[in-house]
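Step one of this worksheet: look at the structure below.
Here, each number is a calculation from the coordinates, and none is a lab measurement. Computed from a prediction, not measured in an experiment: that's the story for all the values here. Heads up, the Cβs are rebuilt from the backbone with ideal geometry, glycines too, and the neighbour counts pull from every protein chain shown.
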Amino acid sequence: MANPTILIVNGPNLNMLGKRQPEVYGRETLADIETAARSHAASLGLDVEFRQSNHEGDLVDWIQGARGRCAGIIVNAGAYTHTSIAILDALLAAEVTCVEVHLSNIHQREEFRHSSFVSKAAKGMICGFGSHGYILALDALARLIRES
Ligand code: DQA
């Protein structure tokens, strides 16, 4: 049987990782994160679809497309985390277990980063561990999938 598929969705400005505020987000690029996520997922018997867009509608389309197809979604919606009811609605409509990830600890940062629309649809949230958060999210999903 085919491995369960995990959709990993990255939002705006995450294509700039490595160059963007490295003191906040680290020096790894998104390509580095993708490589590590793919290799860890393979060790867990999971397949990964890894995507990034600066456009809200792309994220909505990809999340909708996971419905009935993917076993889990990992979402780092970037700044849309704090603004996008459309992404929240897409996650609710998709009915796929979601883990929210942020590289930085959003609760230690500006007030406007403390609230998350994504959290309302997520099983849980991992923030503050840098790129390792994606690995932790894969572990969490692997366990949930095994238990279901
Ligand atoms: C982020 C946190 C957001 O507040 C910010 O807008 C980002 C990245 C993170 O991964 O820490 O773009 O989601």
Check your understanding: Roughly how many whole Å is it from the C-alpha centroid of region 69-148 to that of region 3-58?
Key -> 13 Å
Exercise for review: Report the extension gain between Ser119 and Arg38 in nm, rounded to one decimal, defined as 0.36 nm multiplied by the number of residues separating them, less their alpha carbon distance.
Suggested key: 26.7 nm
Practice item. List, largest first, the extents of the alpha carbons of region 5-147 along their principal axes, each in whole Å. Key: 36, 32, 24
Review point. Summing -39500 (n - 2.57) over the DSSP H runs of n ≥ 4 in the chain and dividing by its residue number, what mean residue ellipticity at 222 nm do you reach, to the nearest 500 deg cm²/dmol?
Key: -11000 deg cm²/dmol
Practice item. With +1 on each Lys and Arg Cβ and -1 on each Asp and Glu Cβ, and nothing else charged, work out how big the dipole of region 1-143 is about its Cα centre, in Debye to the nearest 20. Key: 160 debye
Review point. Amide H neighbours of His102 under 5 Å, counting only residues 5+ apart in sequence or on other chains, H built in-plane at 1.01 Å?
Key: Ile126, Cys127, Gly128
